[in-house]
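*Asks:* Dropping a structure here in structure tokens format, bear with me for questions.
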Amino acid sequence: MMPRERFSEIEDLSTCFEPPVLIVSTIVGRGMYSIGDAILERLGTAGEFHHVPIEEFVPEQVVQEDLKRYKFISNRFPFLLYLVYKIPLFYYRKYLRERLFNVADLKKLKDKIESLQVRTVICISHRPAFWVSNLKRRSGLGISVWGVSGEYGKNLGWKYQFWDQMDGLLSPVERQDLGFDLSTHVSFHQILLPARKEYTEISAILGDKNRVLLVCGFWGQGSLHEIVQQLSSALPGLKMDVVCGENKKAYENITRSFRDNSNISVYGVAESLAPFMRACASVITKPGISTLLESQAARRKIFLLRGMPVAEDNNARFAIRHFEAQWFDMDTFIKWHAIQ
């Protein structure tokens, strides 16, 4: 299990954040937004806190570049993500464009910060950190800006920030593992990424070994139909909750193929996985950050499917090392099921 003595809880750092505080996350994949909600729960009682997605306060072309294009690549051409994570050009181009020309209209973001009289902005992931630190550079807003990395590994997006405008970085990996030299004026803390309390509360409930949650992120990536087929054939009495997210094709195919199997329940977008985790003893998932954090908080057995390159590879390695996760295959799952 994870050696907690090296990490800080987010609550331990609450004195660093002068209220009112605005938590700005992103809906790219929804994992970062879940972390933002968890931080809001942990810190919200200490003062005046708010949580918003950056996509509501930047121009459509920014959403197109940061969200829609990323989603298209990860769904259709995931191998290209190796280039995004390895080649500085993708992030440096955006950095240089804003540094030299101030292209993006950030008035809505500025108005939101000023209307709430915000003193501290906590940015979940490099995307909102880039736009908030850029706004501070351009407008001279007297705010403190903190970043929170939501990945268990390095990400070039964090390298190309307006670091002279940022006060701190919270990361689940050590400073030397960030992949770049962090500015000396930036306060660094290694933290335990939080999950929402509803998942921590589930840890006191014993899940049913004959029930499993199968989920492949908000976008429903992966071979869901094939895995359901394998599980239903090998363990006919196993109950499955299959959450397909936005993947309508997977939802329709699985529903049609297994409509006569009362042990298989299929869902589209789920606002929360907590009801499913409360019932099951195991979760089969790709290494998306929020599902990993939530499954670990709920103390459910984690079986991993291959996810998106680089970022989710890093998450998988961390989960195997610290969360007692295992790669999914039928032999491994059946062996675990037999000894429960």
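The values are calculated or read from the model by the stated rules, or taken from the named source; none is laboratory data. Quick caveat, the model's predicted, so the values are computed rather than measured. Note: ideal-geometry Cβ built from the backbone for every residue, glycine included; neighbour counts use all protein chains shown. Ligands, DNA and RNA are stripped out before the accessible areas are found, and what is left, the full protein with its side chains, is counted by its heavy atoms. Shrake-Rupley method; radii C 1.70, N 1.55, O 1.52, S 1.80 Å.
*Asks:* How tilted is helix 311-322 with respect to the longest principal axis of the chain? Cα atoms for both, answer in degrees (0 to 90, nearest 10).
*Replies:* 70 degrees
*Asks:* With Cβ to Cβ distances under 14 Å as the rule, what net charge do the other residues near Phe130 carry (K, R +1; D, E -1)?
*Replies:* So the environment of Phe130 carries a net charge of +4.
*Asks:* Compute, for Tyr92, the solvent-accessible surface of its heavy atoms (probe 1.4 Å) with the complete set of protein chains present, and express it in square angstrom to the nearest 10.
*Replies:* Tyr92 exposes around 100 Å² with every protein chain in place.
*Asks:* Taking amide H positions as placed 1.01 Å from N in the peptide plane, with prolines and chain starts having none, which residues 5 or more places from His51, or on another chain, fall under 5 Å of its amide H?
*Replies:* Residues meeting the criterion, in which the H sits 1.01 Å from N, are Ile23.
*Asks:* A follow-up question, please. Please report, to one decimal in angstroms, the Kirkwood hydrodynamic radius of the range 153-211 built from all distinct Cα-Cα pairs.
*Replies:* This gives a value of 14.2 Å.
*Asks:* Right, here's the next one. From the P(r) of the chain, can you give the percent of Cα pairs sitting at distances over 25 Å?
*Replies:* The share of Cα pairs beyond 25 Å in the chain comes to 52 percent.
*Asks:* Assign one of three labels to the range 139-247, namely rounded, prolate or oblate, based on the Cα gyration tensor with a ≥ b ≥ c the square roots of its eigenvalues; rounded applies when a/c is under 1.5, prolate when it is not and a/b is larger than b/c, and oblate otherwise.
*Replies:* prolate
*Asks:* Still on this structure, I have one more. Largest first and in whole Å, what are the equivalent-ellipsoid semi-axes of the range 223-340 based on the Cα gyration tensor, each being the root of 5 times an eigenvalue?
*Replies:* 22, 17, 14
*Asks:* For Lys94, Lys239, write out the residues from largest to smallest accessible area, computed with a 1.4 angstrom probe and no ligands counted.
*Replies:* Heavy-atom accessible area, descending, gives Lys239, Lys94.
*Asks:* Once you have the Kirkwood Rh of the range 182-221 from its Cα pairs, apply Stokes-Einstein at 37 °C and 0.692 mPa s and quote D in µm²/s.
*Replies:* 226 µm²/s
*Asks:* Calculated FRET efficiency, Ser139 and Asn253, Cβ-Cβ r, R0 56 Å, to nearest 0.05?
*Replies:* 0.70
*Asks:* Report, in cubic angstrom per residue, the convex hull volume of the C-alpha atoms of the range 107-152.
*Replies:* Considering the Cα atoms of the range 107-152, their hull volume per residue is 64 Å³.
*Asks:* Continuing with the same structure: Before rounding to the nearest 500, sum -39500 (n - 2.57) across all DSSP H runs of length at least 4 in the chain and divide by the residue total; then give [θ] at 222 nm in deg cm²/dmol.
*Replies:* Taken over the chain, the calculation gives -11000 deg cm²/dmol.
*Asks:* Heavy atoms of the protein only, probe of 1.4 Å, neighbouring chains included. What is the accessible area of Glu11 in Å², nearest 10?
*Replies:* Result for Glu11: roughly 70 Å² accessible.
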